[in-house]
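As structure tokens, the structure follows; a few thoughts come after it.
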Amino acid sequence: MTLTVVALFVITYVGMALGRFPGLRIDRTGIALVAAILLLAIGALESGQVTEAIDFPTLFILFGLMVLSAQYAASGFYDWCALRVAQAARSPARLLAVTVAVGGGLSAILANDVVVFAMTPMLCVGLLARRLDPRPYLIGLAGAANAGSAATVIGNPQNILIGQMGHLDFWRFLAVCGVPALVGLVVVYVVVWLAWRGRFGEPEDHTTGEGGAEPVTLDRAQLGKAVVATLVLLGLFTTDLPHEIGVLLVAGAMLISRRLASRGMLGMVDWHLLVLFAALFAINHALKLTGLPAEFVSGLEAAGWLPDRLAVMTPLALAASNSIGNVPAVILLLAAWPSPPEGALYGLAILSTLAGNLLIPGSLANIIVVERAAASGVRLGFVEHARCGIPMTLLSMGFAVLWLWGTGWMRLS
């Protein structure tokens with residue numbers, strides 16, 4: 001049984017690294033779900049153990065934020081915002097700055113995957129209409145979404161999981177991770193600008209036209225409802241109310257509407273991501289029941305190689321995030337290492353998120369941008385992304401390491 005569990009575990013995470021298996025159309029979510037089903041079928045897990053394994057508060061927060069984001073999408077905000085960004089400035093330098101600022105800022109409050117999913121298509125349309133090459137702006141959007149999301153405990157899926165496991169306070173998390181996230185945004189802008197300088201294209205100053213982007217209607221009433229809900233949510237984070245309850249209350253309020261059907265709102269929830277999380281929780285729990293993770297952690301502790309130091313955490317986050325992806329990497333690490341110190345949790349959050357900028361498979365946000373851009377007729381290649389992703393990652397992670405060490409949250413070695 002142990003060999004079977006280990007085999008399914010390895011196959012799952014190989015699938016996380018590859019994204020799919022050759023010859024099959026099964027993706028990461030499908031791979032994880034099939035593995036979890038097989039673990040149930042062979043008796044490695046029981047139904048009750050699956051329920052016990054899933055961190056429902058984390059899923060509740062993800063779900064609630066997706067509903068809140070659906071309210072923004074239903075108001076036309078994302079399309080309006082992307083189009084306004086694409087038409088914001090005549091200078092490519094200023095346009096890139098606006099793209100990075102808006103993408104990073106929105107991702108700090110709303111989950112970064114949702115932000116890039118919604119903004120990428122309209123950004124491509126608006127930029128193509130101005131005869132600008134969308135690729136550097138898309139790299140800037142993805143990099144900014146990752147860097148900006150590192151600032152808060154609700155900015156991305158891995159931060160949500162880390163925050164729930166460590167019971168981390170929203171504002172304290174922002175105080176620790178906000179500065180390296182902000183520096184990360186600056187690094188994203190500078191690297192993309194230097195790498196693409198002189199190759200942005202010749203912009204035309206128009207907003208519509210043949211083949212161009214049509215004007216977007218913004219429903220201000222629905223947008224106002226979303227903004228008020230966001231402010232209420234931030235206010236709830238200052239109370240003793242559990243984060244997941246506060247997020248669910250706000251999500252429930254968004255579903256009560258005379259104009260927006262709840263079916264349509266729920267249709268905009270990324271159920272695939274929620275299923276991926278649930279399946280990975282179950283697979284990791286099955287491995288935990290074999291006792292192998294505990295033995296492995298004990299061996300690391302005896303050898304002095306626990307990732308509670310920056311010298312270990314940094315290369316681990318960089319390697320794991322760019323092989324199996326930063327979300328699966330964090331789920332796996334926290335399953336094997338159930339009691340990390342608070343400083344290590346902040347380090348894991350900021351370093352795993354910034355590490356996701358290195359290569360396209362490093363984060364879901366990168367993958368979403370590439371896939372959504374391709375659907376809009378823009379091909380963003382692996383090498384093109386890596387030319388910016390590698391320097392922006394190494395520079396931003398380097399500052400984050402110095403910040404965590406200088407502020408005393410983690411020791412260097």
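The values are calculated or read from the model by the stated rules, or taken from the named source; none is laboratory data. What you are looking at is a predicted structure, and each value in this text was computed from that prediction instead of being measured. With ideal geometry, Cβ positions are generated from the backbone for all residues, glycine too; neighbour counts draw on all protein chains shown. Quick note on the areas: whole protein, heavy atoms, side chains included, nothing else; ligands and nucleic acids left out. Shrake-Rupley method; radii C 1.70, N 1.55, O 1.52, S 1.80 Å.
Rounded to the nearest 20 debye, the dipole magnitude of the stretch 207-330 is 400 debye, with +1 charges on Lys and Arg beta carbons, -1 on Asp and Glu beta carbons, and the Cα centre as origin.
For the stretch 244-308 versus the stretch 105-155, the inter-centroid distance based on Cα atoms is 23 Å.
Helix 220-236 and the long axis of the chain differ in direction by around 30°, with both axes built from C-alpha atoms. Only Cα pairs under 8 Å and 6+ residues apart enter the sum, and on that basis the relative contact order of the stretch 270-413 stands at 27 percent. Across the chain, the relative contact order, built from alpha-carbon pairs under 8 Å that are at least six residues apart, equals 24 percent. If you sort 199, 258 by accessible surface, 1.4 Å probe, largest first, the order is 258, 199.
Cβ-Cβ distance of residue 271 and residue 94, R₀ of 41 Å, FRET efficiency by 1/(1 + (r/R0)^6): the value works out to about 0.60. In terms of packing, defined here as the mean over residues of other Cβ atoms within 10 angstrom, the peptides 104-116, 217-229, 5-17 line up highest first as 104-116, 5-17, 217-229. Annotation: peptides 163-170, 276-283, ranked by per-residue average of other Cβ atoms within 10 Å with the highest first, follow the order 276-283, 163-170.
Between helix 134-149 and the chain, what is the angle of the helix's C-alpha long axis to the longest principal axis, kept within 0 to 90° and rounded to the nearest 10? On a 0 to 90 degree scale, this one is about 50.
About its Cα centre, what dipole magnitude does the chain give when the only charges are +1 on Lys and Arg Cβ and -1 on Asp and Glu Cβ, stated in debye to the nearest 20?
Here the size comes out at about 820 debye.
The mean accessible area for residues of the chain, using a 1.4 Å probe and ignoring ligands and nucleic acids, is 42 Å² per residue. From the residues 45, 186, 377, which one has its Cα farthest along the dipole of the chain in the positive direction, the dipole being from +1 and -1 charges on Cβ of Lys/Arg and Asp/Glu about the Cα centre? Of 45, 186, 377, it is 377. Angle, helix 271-289 long axis vs. longest principal axis of the chain, Cα atoms, 0 to 90°, nearest 10? That helix lies at roughly 20 degrees to the long axis. Of the solvent-accessible surface of the stretch 55-407, computed with a 1.4 Å probe and all protein chains present, 65% belongs to carbon and sulfur.
With every protein chain kept in the model, how would you rank 171, 193, 337, 405 by accessible area, 1.4 Å probe, largest at the top?
Values: 171 105, 193 70, 337 20, 405 140 Å².
If we order 171, 193, 337, 405 from most to least accessible, we get 405, 171, 193, 337.
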